[in-house]
Amino acid sequence: MDGEKCCGCGGKSTERSAAERKKLIHRLNRIEGQIRGIRGMIEKDAYCTDVLVQSAAVNAAVNAFNRDLIASHIKGCVVRDIKAGDESVIDELVVTLQKLMK
């Protein structure tokens, strides 16, 4: 199973290039920093609207992360599995998209 190995997460994993991994981790680090900033705002009793604006920025950053990751998943994992004859990946993708759109 190219790109798949048991890791305790249902038996699947995704091998990423060093560049892709670095990009995703960089985005997550920025999001983590934004969250810490919001926590600091709450600790300093910042005005609600200011906190909400920062919260919206975090939501936008997480959505951008999800868009990049789902595009990579479709172009890589989904295409690979369909080419290998495993069409169950389509149902998995639909469930994942439904979760993202809640």
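Read-outs: derived from the displayed coordinates by stated rules, not from any lab. What you are looking at is a predicted structure, and each value in this text was computed from that prediction instead of being measured. Reconstructed Cβ throughout: ideal geometry from the backbone, glycine too, with neighbour counts over all protein chains shown.
For (1) aliphatic (A, V, I, L, M); (2) surrounded by 11 or more Cβ atoms within 10 Å (Cβ to Cβ), each residue gets a yes or a no:
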| position | (1), (2) |
| --- | --- |
| Thr14 | no, yes |
| Glu20 | no, yes |
| Arg36 | no, no |
| Lys44 | no, no |
| Thr49 | no, no |
| Asp68 | no, yes |
| Ala71 | yes, no |
| Ile90 | yes, yes |
| Leu93 | yes, yes |
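Cβ-Cβ distances below 9 Å connect no pair with a first residue in segment 60-76 that is closer than 15 Å to Met101 by Cβ, a second residue that is among the aromatic types (Phe, Trp, Tyr), and a separation of six or more residues or different chains.
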